[in-house]
1. Look at D:ILE80 and say whether it is under 25 Å from B:LEU33 (Cα atoms) and assigned by TED's automatic domain parsing to the domain that holds D:VAL151.
2. Being at pLDDT 95 or above and within 15 Å of the chain's Cα centre (by Cα) is the requirement here; does A:ALA189 meet it?
3. If we keep just the residues of the range D:199-229 that are open to solvent by less than 40 Å² (accessible area, probe 1.4 Å) and among the hydroxyl-bearing types (Ser, Thr, Tyr), which is nearest to the other protein chains (Cβ to nearest Cβ)?
4. Which strands (runs of 3 or more DSSP E) sit wholly inside the range C:1-72 and have at least 2 residues that are surrounded by 22 or more Cβ atoms within 10 Å (Cβ to Cβ) and among the hydroxyl-bearing types (Ser, Thr, Tyr)?
5. Test B:PRO129 against the criterion of being farther than 24 Å from B:VAL234 by Cα, free of Cβ contacts under 8 Å to residues at least 40 places away in the same chain, in a loop (DSSP other than H, G, I, E, B) and not small (Gly, Ala, Ser), and give yes or no.
6. Specify the residue that is surrounded by the fewest Cβ atoms within 10 Å (Cβ to Cβ); the eligible residues are those in the range C:140-155 that are within 18 Å of the chain's Cα centre (by Cα) and aliphatic (A, V, I, L, M).
7. What number of residues within the range C:108-126 are open to solvent by 40 Å² or more (accessible area, probe 1.4 Å) and of a type in the set (Gly, Ala, Ser)?
There are 4 protein chains.
Amino acid sequence: MLELRQDLNASDQVRHSIEEVLAVGRTAWQHYLFFRSKVHGVCVALDGDLQSCEADEGLYHEALVHPAMLAHPAPKRVLIMGGGEGATLREVLRHPTVTEVVMVDLDEEFVGLCKRLIPDWAEGAWDDPRLELRHEDIVAYLDHTPGGFDVVVGDLIDASEASSPAAELYGPEFYRKLAAALAPGAVLATQAGPLTPAQVAGHRRVRGALGSVFGRVVSYGMNVPSFYSLWGFVLAGAADLIPGGYAEHRALFELRAHERGLELAHTGPEALAAAFALPARLQALLQGAA
Amino acid sequence: MLELRQDLNASDQVRHSIEEVLAVGRTAWQHYLFFRSKVHGVCVALDGDLQSCEADEGLYHEALVHPAMLAHPAPKRVLIMGGGEGATLREVLRHPTVTEVVMVDLDEEFVGLCKRLIPDWAEGAWDDPRLELRHEDIVAYLDHTPGGFDVVVGDLIDASEASSPAAELYGPEFYRKLAAALAPGAVLATQAGPLTPAQVAGHRRVRGALGSVFGRVVSYGMNVPSFYSLWGFVLAGAADLIPGGYAEHRALFELRAHERGLELAHTGPEALAAAFALPARLQALLQGAA
Amino acid sequence: MLELRQDLNASDQVRHSIEEVLAVGRTAWQHYLFFRSKVHGVCVALDGDLQSCEADEGLYHEALVHPAMLAHPAPKRVLIMGGGEGATLREVLRHPTVTEVVMVDLDEEFVGLCKRLIPDWAEGAWDDPRLELRHEDIVAYLDHTPGGFDVVVGDLIDASEASSPAAELYGPEFYRKLAAALAPGAVLATQAGPLTPAQVAGHRRVRGALGSVFGRVVSYGMNVPSFYSLWGFVLAGAADLIPGGYAEHRALFELRAHERGLELAHTGPEALAAAFALPARLQALLQGAA
Amino acid sequence: MLELRQDLNASDQVRHSIEEVLAVGRTAWQHYLFFRSKVHGVCVALDGDLQSCEADEGLYHEALVHPAMLAHPAPKRVLIMGGGEGATLREVLRHPTVTEVVMVDLDEEFVGLCKRLIPDWAEGAWDDPRLELRHEDIVAYLDHTPGGFDVVVGDLIDASEASSPAAELYGPEFYRKLAAALAPGAVLATQAGPLTPAQVAGHRRVRGALGSVFGRVVSYGMNVPSFYSLWGFVLAGAADLIPGGYAEHRALFELRAHERGLELAHTGPEALAAAFALPARLQALLQGAA
């Protein structure tokens, strides 16, 4: 039996049984593995790290995309960093306010594999006329972007480990550069690694980097079953980004989702709002020094 | 290296590295293992299933105990089923309204091991004069209990698998019997297995059994890091048990915790309230046929 | 990290770390996996069972082929059953007495993959004019074979488990059919599963089946590092097949290898002869009732 | 399920399922684990490395002890280094020529555990009047030993890794010191780590160290099922120690075993002699530079 082994932390490992390998190999940038799991359906791993599984990618991508999109009163221009599976794009395009999405994913071959192997995940988004799909380095793109983005969604590979090749894309210099490409009132969301006490350092680094650029930085978490942990996200924006707590979040999410005819089938406005109410001890750890 | 292997579902396994075995053996009722994990601290496993770990047992036990205790306006008599580690007892006794706790844990030897090996977990609760500790079968105890319990907390071993030896303690017959021992307006909380789509059947069974006896049955979940999943609990009581949603839960938890001088160091009133706002798709699965 | 997990017996498992997947998929007959291991080089697995690894396939194939070939005074016509990697063929063709080899391997696609992915293993054998390569069922082939084989080498997938799909190819009926295709004085060798006390039943079954057809049946074993066990083979033939013990085996192997200009680079005549001197307790288990 | 994980080499791991832990803890010198395996019976591990299992310790200990004892015409005084389980002692005492055995095992507590938990393994040897059991450092013991040993058996923990704490006990300095305690014509045998191409360095180091002191150094191997590899031993002595090859070894082993009324139930004279006929490629690796 083939298995994908992943270190969960310094003590524990999870092993995913692989029913069938759909594709495996190496692009110019990374190692990819598409496989079928009995429990999680088709799954995608990059450089040995699970990225998304059919069974709960809806939960993950709704949690990644919608808080930021709904926090903005009328997001028109959206930048997606990474997101090769096409599911982040799918969720962004559900907002009828959107007129233009620039998706920058370095790895053309990987995106091609996703288009071919998991076309359903994009639900036609690849053909949406609002999409400008670019295969170039995101840092390079920021040098010549016309900018003016209302929302930025970061769906890059995880960089919880400071040694990750993607670590600079979660650092203060990068975010400063990114800030220049934002429209006034812009909102950013990014995945930010697992939110567990043993691994909170990575998330805290991302928060810290965003805090040096944005007026308000908020963490939230969603339990993604196939990741076997509470997964962390960060929402960043101006100081008045979603004032208040759960009640205001929920009201805002519900109202705007309704206005935009947006169904949140996997999460719902309540669960999205609740995602911001992290346990007290975890919050204390997040506030701690990096 | 010694490892504790656990099946997470039909596909995946987690392996906990064991730094040191503190005690291992078999009582008259079950196999026990106390070990030290580099990440989770001292952990307790029964019959090969992880029960609690030092690093996050506070999170687990606060989530298990306080929603029920706070949902009741003035819990005096409390029944704990199982809970050998002493941590459930510790949390229950934090409520100054409590005048009497009957804790029924069949396995005297296991409770003795907990008293000796993890005495800190109980924070003196074993010596509290309000405690009546009984080592007998909970079904037998219900035959001769004086009853009149305001709150019941179920901290028995997991029975997500219908074939578990504890399965009957999560069934409708048992709950009917238990109902006779309750005071008017009583509230029950029980752990109810993992809340993940792949394993929701066990939780649904517990809900269904409680629903045949109690007017209102509500599921909630808390991500417990060492369990590698969103852990499920059920709160049951009269039809008017905590009306409304998050805002009401939170207000109630905050108010009563304040009144009782109760600090919720690991969770907090917000996270406890948010625990009831489960993702939409999971809710749909929970409502589905058993 | 990708791993190939294999059950070693009812208790233990081995996990092979996979550096790189070279090919994975399913032919009409079986699931195949070609991968690179840091320790064992390129490895081939069929239906999840490791077949051969670059680092020690020489050891395995010399042990499989040469005792039978050297036990025969002048093997001309040889039948290979299975052996898709081409390495069994390579070893057979090293004997200059050979004028014709019929290799029957059902799975044309798998043989094609071996020709393309591990061409070195065959050392040109695929192009040898003495080879007749047939892709058909071996049972069907025996119905129309001209027969007259001096040596038969069985390199079929393991059938230590009685439930294996290949089990009938190690059974008495099959061997009776095969006997009709043999020249007088023919010798047969087959791989016959692991030779460990916990798994000896499979080997004993093969021995028993061969014993119902051949006058003499002898077991031998070679430790193949990547298999993590002493691997078993059976040599069968007429009653006077290699008389005596080690000294005679060794003398015969040495003499005939010398005559045929055959170098046994991985094993040598001594180790091949010693392979027949199995530990006493294992011999007793092999003689036990099936 | 509890498992004992062991690295087999730089790629692969084996996991032993543990049916029951019999004892686990730490002496002043090492971590011990006695457990029951469904396949291997009671097993003993030290510092996480499997030492012996009930199901095949007979094979291991016969292979360790008897070649050396039988190579000596009349071994009277024997020194055992390590060997806490008592099984090496048991095999040594089977030779009626023996008048005195000094067994030096540093770890009194571990030996006490073996006496209590696996008393059968010693078959009464602990009470044999010929035994002098000492719990002291073997290096210290050599400073005050009366010496005059005919046979020395090294059953110390494996030091295949140069970084092992026991590494010095397999080094040239130690062996020079040991040489001073030998009677003329003395023979030494020691376990010497796995004999697989990927791990041959450790064995070669032991050989090299012995070669700097003894006139003749010979490697041999026995497949020990629970070790999942061909296990290596080294026999060392004067230049004329067992002249010739298999035939001479076997004749000598058979003759002397017969003279001494010694039954080799697990191995037998043939398999012991065959153990010296290592595969050609392995021999070449052993001869290679360290």
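The values are calculated or read from the model by the stated rules, or taken from the named source; none is laboratory data. Keep in mind it's a predicted model, so treat the numbers as computed, not measured. Here Cβ is always computed from backbone atoms with ideal geometry, including for glycine, and neighbour counts include all displayed protein chains. For accessibility, only protein heavy atoms count, side chains too; no ligands or nucleic acids. Shrake-Rupley method; radii C 1.70, N 1.55, O 1.52, S 1.80 Å.
1. In short, no.
2. Criteria met by A:ALA189.
3. The selected residue is D:TYR228.
4. C:31-37
5. For B:PRO129, the condition - farther than 24 Å from B:VAL234 by Cα, free of Cβ contacts under 8 Å to residues at least 40 places away in the same chain, in a loop (DSSP other than H, G, I, E, B) and not small (Gly, Ala, Ser) - is met.
6. Step by step, filter the range C:140-155, then rank; the result is C:VAL152.
7. 1
Each row is one residue, and each column tells you yes or no for (1) closer than 29 Å to B:GLU3 by Cα; (2) out of contact with any Asp or Glu (no Cβ under 6 Å at 6 or more places or on another chain); (3) at the interface with chain D (Cβ under 10 Å from one of its Cβ atoms).
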position	(1), (2), (3)
C:ASN9	yes, yes, yes
C:ARG15	yes, no, yes
C:VAL24	no, yes, no
C:ALA63	no, yes, yes
